[in-house]
Amino acid sequence: MTEIKTFQVGIMSTNCYLITDKDTKEMAIVDPGAYSSVITDTINASAGNLKMILLTHGHYDHIGGVSDFLRDFPNAKVYIGEKDKICLTNDEYNLSIKMFQRRFQHFSADILCDGEILRLGNTEIKFMETPGHTAGSGCYIFDDKIMSGDTLFCESCGRTDFPGSSSIDIIKSLRILSQLEQDYTVYPGHDCSTTLSHEKKYNPYMRTNYEDIY
């Protein structure tokens with residue numbers, strides 16, 4: 001089983017999550033959009049072992065702190081969806097120029113394909129491709145939790161007016177998520193957490209068929 005701690009980082013108030021496998025104390029950071037010494041101090045204070053940095057997609061407000069955390073934890077491995085690899089070296093695609101008028105320090109990452117399983121201690125974390133907000137957006141699913149990035153928000157979904165975005169694809173991705181039978185707590189990239197059952201009932205984007213729109 002896992003423990004989740006939430007930190008809001010950067011000027012976009014991105015939700016950055018710290019996952020801890022309770023049995024082994026292995027840890028993963030999800031979407032460090034900006035560096036926070038509080039997160040580093042939390043890891044060190046708990047004698048945790050940061051194994052992974054998991055990226056739901058490649059926009060600057062979700063990856064901007066990766067290089068700084070790698071300086072603190074050089075053995076941590078970084079993961080991102082295959083089609084968002086371009087964001088790690090292209091500042092037009094990661095929006096750092098558009099949103100912040102500055103570039104960021106590039107880094108390398110291991111590429112994930114749909115359905116790939118990562119192990120964090122005794123916890124299996126499944127990567128599910130959910131393109132739409134970006135071409136390589138994905139969710140991380142484990143225990144009864146979904147890290148949804150900017151694919152699924154509470155009663156909403158991510159924007160689709162950026163390079164590589166697709167309104168059709170995000171509706172398709174939300175449909176796939178709606179077909180998951182188990183209920184999950186959903187931890188989005190911004191704003192409050194929710195549940196999959198709530199979103200199936202109240203989220204207008206999740207209840208929409210893309211054929212009805214397009």
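Of note:
- Only listed residue being small (Gly, Ala, Ser), at pLDDT below 95 and in contact with a helix residue (DSSP H, G or I) (Cβ under 8 Å, 6 or more places away or on another chain), chosen from 108, 137: 108
- With a requirement of 2 or more residues that are free of Cβ contacts under 8 Å to residues at least 40 places away in the same chain and more than 20 Å from residue 170 (Cβ to Cβ), the strands (runs of 3 or more DSSP E) lying completely within region 36-130 that satisfy it span 49-54, 77-81, 110-112, 117-120.
- Flag if residue 116 is of a type outside the set (Lys, Arg), within 14 Å of the chain's Cα centre (by Cα), modelled with pLDDT of 95 or more and surrounded by fewer than 20 Cβ atoms within 10 Å (Cβ to Cβ): no
- Criterion: touching a Gly at 6+ places or on another chain (Cβ under 8 Å), at pLDDT 95 or above and open to solvent by less than 10 Å² (accessible area, probe 1.4 Å) - qualifying residue of 39, 63, 53, 43: 63
- Within region 6-30, the set of residues being exposed (fewer than 14 other Cβ atoms within 10 Å of the Cβ) and under 18 Å from residue 144 (Cα atoms) comprises 6, 22, 23.
- The condition of being out of contact with any helix residue (DSSP H, G or I) (no Cβ under 7 Å at 6 or more places or on another chain) and on the phi > 0 side of the Ramachandran plot holds for only one of 48, 115, 81, 64, that being 115.
- Test: residue 130 is among the hydroxyl-bearing types (Ser, Thr, Tyr) and crowded, with 21+ Cβ neighbours inside 10 Å: yes
The values are calculated or read from the model by the stated rules, or taken from the named source; none is laboratory data. Owing to the predicted nature of the structure, the values given are computational and were not obtained by experimental measurement. Methodologically, a virtual Cβ is constructed for each residue, glycine included, from the backbone with ideal geometry; neighbour enumeration extends over all protein chains shown. Just so you know, the surface numbers come from the protein's heavy atoms only, side chains and all, with ligands and any DNA or RNA stripped out. Shrake-Rupley method; radii C 1.70, N 1.55, O 1.52, S 1.80 Å.
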